[in-house]
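Here is the structure we will look at, set down as C-alpha cells.
The values are calculated or read from the model by the stated rules, or taken from the named source; none is laboratory data. Note that this is a predicted model, so its numbers are computed, not measured. Virtual Cβ from ideal backbone geometry, glycine too; neighbours counted across all protein chains shown.
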C-alpha cells in the first residue's frame, strides 16, 4: 500500500500504531480517542503492517535463535528446545556457550520437587561450571568416570559441584564407566555406595546428558573402547550412545558385552526419567540425536543453529 501520496492517512495510521504498539493502549481506547470504530482501528493497524510502516520482529536474546528453537521443538515434540546462533568452528567455545545455555534452562525449569541426574560428558561439565544457582535438590550421578588425557573432572566432581550449588544431597560413587569384564561390573554394582546411588535412579525427574556418535572422536565411550568391540558394535547397528546407553538409528537399545561391562544408568532407567535434557553439538552427530529422540531418551535439547538445521532437514516428528 502506497501511503506517500496520502499524508493525512499516513499520519493517522502512524498515530494509531504508536498508541497500540508502543503505548500499549487497547483498540477500544484508541477508537474512543480518535472517534473511530474498533473495526476501523483494526483495519488501520493491519494497514500499518501491510505497508511496512510497522515491522514486527521477535528478538533473539543471548544468542538464542527463537525461530529455530520453536521449529525444532515442534518438529520433534520436545519439552524444551534451545538453539544458539553461535559459531561452531571452535568446539571449546561452542561447548562453553551451550553449557551456559543449558545452565540457564536448568535454573529456570528445575523446582524444589525435582531430583537432578548428571551423566558425565564434556558438555555437561561445561554446564555444571556455568551453574550458579539451583533449588535445594538432590543430585544423582548417572554414569561412571571416564579417564581421558584432556579430562580434568569426573562424574563425581560434577555431582558434588552441582550439589554444592543447590545445597542438596550428593549421591555419587567411585567407579569407571567401563570395566574389563562383566564379572567385575557385577561386583562393583554390589558395592554399597554404588548400590545406594543406583537405587536413586528411579527418583530422578530431570537429567542432563551429552550425545555421542559411534565414531572416532565423537563419543568418549567409543574412544575408550578397543577396536574389535567398536567394529562389532558398528556392524550390529550402533549409531550412538547417551550416558553409556548404546542405541541404533531408530533409538532401540542394543545390548552387548560392552553393555554388561558398563557402570551406570540402564536404557530402561534413562528412558523412564521424565525429562532428559541433551546438550548436543557437531553436525555429524545429527543421526545420534535423532535416534535418541526417536527412542524416547531425549526429551529436551540444547544445541546450535547448524545442527538444528541438519535435524530439521533430516527428520520430522519424533517416533517414540
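Just to verify a result, which residue in the stretch 86-116, among those that are modelled with pLDDT of 90 or more and part of a loop (DSSP other than H, G, I, E, B), is nearest to the chain's Cα centre (by Cα)?
So, considering only residues that are modelled with pLDDT of 90 or more and part of a loop (DSSP other than H, G, I, E, B), the one nearest to the chain's Cα centre (by Cα) is 110.
Condition first: in a loop (DSSP other than H, G, I, E, B) and either within 13 Å of residue 293 (Cβ to Cβ) or touching a strand residue (DSSP E or B) at 6+ places or on another chain (Cβ under 7 Å) (or both). Now tell me which residues in the stretch 66-85 satisfy that.
Of everything in the stretch 66-85, those that are in a loop (DSSP other than H, G, I, E, B) and either within 13 Å of residue 293 (Cβ to Cβ) or touching a strand residue (DSSP E or B) at 6+ places or on another chain (Cβ under 7 Å) (or both) turn out to be 77, 78, 79.
For the stretch 239-256, state whether one or more residues are in a helix (DSSP H, G or I) and surrounded by fewer than 23 Cβ atoms within 10 Å (Cβ to Cβ).
No, the stretch 239-256 contains no residue that is in a helix (DSSP H, G or I) and surrounded by fewer than 23 Cβ atoms within 10 Å (Cβ to Cβ).
Can you name the number of the only condition in (1) farther than 19 Å from residue 260 by Cα; (2) in contact (Cβ under 8 Å) with a residue 60 or more places away in the chain; (3) touching a strand residue (DSSP E or B) at 6+ places or on another chain (Cβ under 6 Å) that residue 163 fails?
Residue 163 satisfies every listed condition except (2).
Out of (1) modelled with pLDDT of 95 or more; (2) not assigned by TED's automatic domain parsing to the domain that holds residue 98, what's the single condition that is false for residue 298?
All conditions are met except number (2).
Looking at the stretch 171-184 only, could you name the residues that are outside any loop (DSSP other than H, G, I, E, B), surrounded by fewer than 18 Cβ atoms within 10 Å (Cβ to Cβ) and either in contact with a strand residue (DSSP E or B) (Cβ under 7 Å, 6 or more places away or on another chain) or without any contact (Cβ under 8 Å) to a residue 60 or more places away in the chain (or both)?
Of everything in the stretch 171-184, just one residue is outside any loop (DSSP other than H, G, I, E, B), surrounded by fewer than 18 Cβ atoms within 10 Å (Cβ to Cβ) and either in contact with a strand residue (DSSP E or B) (Cβ under 7 Å, 6 or more places away or on another chain) or without any contact (Cβ under 8 Å) to a residue 60 or more places away in the chain (or both), namely 183.
Being assigned to a helix (DSSP H, G or I) and either at pLDDT 85 or above or out of contact with any strand residue (DSSP E or B) (no Cβ under 9 Å at 6 or more places or on another chain) (or both) is the filter here, so list the residues in the stretch 44-65 that pass it.
44, 45, 46, 47, 48, 49, 50, 61, listed by residue number.
Which residues, taken from the stretch 270-281, are more than 17 Å from residue 105 (Cβ to Cβ) and surrounded by fewer than 23 Cβ atoms within 10 Å (Cβ to Cβ)?
271, 272
Quick one: what pairs do we get from the stretch 51-73, first residue surrounded by 14 or more Cβ atoms within 10 Å (Cβ to Cβ), second modelled with pLDDT of 85 or more and part of a loop (DSSP other than H, G, I, E, B), C-beta under 6 Å, 6+ apart or different chains?
Correct list of pairs: 63/85; 63/86; 65/85.
Out of (1) outside the structural domain of residue 100 (by TED's automatic domain parsing); (2) in contact with a helix residue (DSSP H, G or I) (Cβ under 8 Å, 6 or more places away or on another chain); (3) at pLDDT 85 or above, what's the single condition that is false for residue 35?
Result: residue 35 passes all but (2).
State whether one or more residues within the stretch 103-110 are in the same structural domain as residue 11 (by TED's automatic domain parsing) and crowded, with 18+ Cβ neighbours inside 10 Å.
no
Within the stretch 213-228, take every residue that is surrounded by 15 or more Cβ atoms within 10 Å (Cβ to Cβ) and either closer than 18 Å to residue 176 by Cα or modelled with pLDDT under 90 (or both) and give me the one that is farthest from the chain's Cα centre (by Cα).
Out of the qualifying residues, it is 225.
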